[in-house]
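See below for the structure under consideration.
The values are calculated or read from the model by the stated rules, or taken from the named source; none is laboratory data. Source: prediction; values computed, not measured. For neighbour counting, all protein chains shown are included, and Cβ atoms are generated from backbone atoms with ideal geometry for every residue, glycine included.
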């Protein structure tokens, strides 16, 4: 993923800011919600045609998605509800931005039909990327990675909004590579499932079978069983 180093850099900064935010009494869940509210504001700006300002506000809101995790890591045990809340809010945030872009094109933006179709394809791919991961993890599969995970999607969306002539081209990228990423993750899970099935079949083939008693004939012609075997029933 091309944003790995960027994430490490930003998370390093967030680790220095997190203690200050904790002293202010800001919880991870509150920061997650604050990021959603800011993203909603960015969506309103985008829908009204203010793409540059909307992109900058979206970038600011995305920082809260890193700050909430930084505060959570220094706040003691991480609760499962926090992860659930964060993932759910992330889906709403993406839907807000894609919905705003759809309104922008339908309200008279350039390339109205093409732009609208690309937005819908991008939204579908983005939600599928997240759904595939959530469903896979619920079945105890590992399902990370892929070309366009959420950090990549946020970065290219901000670039497209700040440099608006790139918007259609970036939507093409999102429409294609979000769905490619979903297929990648399906493939990751398929490989794990095949490996598990191979192990199960191998274990089944190596399981000892119950010995069957062998009949022997005594000198007097009477049938008997070999010593140590069960008598025929």
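Tabulated data for the structure shown
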read-out: Pairs with Cβ under 9 Å, 6+ apart, first in the range 1-24 and within 28 Å of residue 181 (Cβ to Cβ), second modelled with pLDDT under 80 and part of a helix (DSSP H, G or I); value: 1/7
read-out: Subset of the range 152-185 [over 24 Å from residue 116 (Cβ atoms) and touching a helix residue (DSSP H, G or I) at 6+ places or on another chain (Cβ under 6 Å)]; value: 185
read-out: Flag for residue 52 being in contact (Cβ under 8 Å) with a residue 12 or more places away in the chain, farther than 21 Å from residue 144 by Cβ and buried (at least 16 other Cβ atoms within 10 Å of the Cβ); value: no
